[in-house]
1. Scanning for something touching a Pro at 6+ places or on another chain (Cβ under 9 Å), of a type outside the set (Gly, Ala, Ser) and under 21 Å from Thr2 (Cβ atoms), does the range 39-56 turn up at least one residue?
2. When you scan the range 98-121, do you find a residue that is surrounded by 12 or more Cβ atoms within 10 Å (Cβ to Cβ), modelled with pLDDT of 95 or more and in a strand (DSSP E or B), even just one?
3. Do any strands (runs of 3 or more DSSP E) lying entirely in the range 1-88 carry at least 2 residues that are farther than 15 Å from Leu99 by Cβ and among the basic types (Lys, Arg), and which ones are they?
4. Among the residues of the range 58-78, write down those that are under 22 Å from the mean Cα position of the chain (by Cα), surrounded by fewer than 14 Cβ atoms within 10 Å (Cβ to Cβ) and without any contact (Cβ under 8 Å) to a residue 40 or more places away in the chain.
5. Taking the stated definitions as given, is His24 out of contact with any Asp or Glu (no Cβ under 7 Å at 6 or more places or on another chain) and closer than 14 Å to Ala87 by Cβ?
Amino acid sequence: MTSHRPYLLRALYEWIADNGMTPHLLVDATRPAVQVPSHAVKDGKIVLNVAARAVSHLEMGNDVIRFSARFGGVSHPVSVPVGAVLAIYARETGQGMALPEDVGMEEAGLEDEAGETATPPLTAVPNDPSDGGDDDGPQTPTPRRGGHLRIVK
């Protein structure tokens with residue numbers, strides 16, 4: 001399957017813009033292929049205002065986000081791989097989403113010798129009070145219950 005990150009980014013961008021707010025991206029500027037003005041990077045990260053009024057030629061593709069923006073009054077081309085985006089949020093409210101690491105099947109070690117994708121192992125969330133286990137010893141995932149919805153006639 002393809003990564004869900006670009007779809008989440010586009011959806012949240014549209015939601016923020018539709019509500020009249022200013023979408024910002026938090027980007028890890030140390031990642032390979034990130035092209036941003038180095039003078040705007042602080043602690044290896046950069047916050048980019050991607051509002052329609054702040055950028056030109058915005059392209060939010062499945063692999064990379066590209067646009068042109070002004071930094072200190074000077075126009076710069078910006079290119080950010082989708083995997084380098086750490087979060088998208090509205091400047092005015094802070095509402096948005098921190099994106100989890102996007103681990104590919106090969107990176108996760110889930111490909112067998114024949115190159116076929118293996119089923120990932122089940123893992124339990126440690127110390128999750130909802131699983132009914134105690135805090136010491138290994139925990140196993142609880143089986144999922146059926147849906148809680150019912151038909152009302």
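The values are calculated or read from the model by the stated rules, or taken from the named source; none is laboratory data. It should be emphasised that the depicted structure is a prediction, and the values quoted were computed from it without experimental measurement. Note: ideal-geometry Cβ built from the backbone for every residue, glycine included; neighbour counts use all protein chains shown.
1. Checked the range 39-56: no residue is touching a Pro at 6+ places or on another chain (Cβ under 9 Å), of a type outside the set (Gly, Ala, Ser) and under 21 Å from Thr2 (Cβ atoms).
2. no
3. Those strands (runs of 3 or more DSSP E) span 64-71.
4. If the condition is that a residue be under 22 Å from the mean Cα position of the chain (by Cα), surrounded by fewer than 14 Cβ atoms within 10 Å (Cβ to Cβ) and without any contact (Cβ under 8 Å) to a residue 40 or more places away in the chain, then Glu59, Ser68 are the ones that fit.
5. Yes; evaluated as a whole, the condition is true for this residue.
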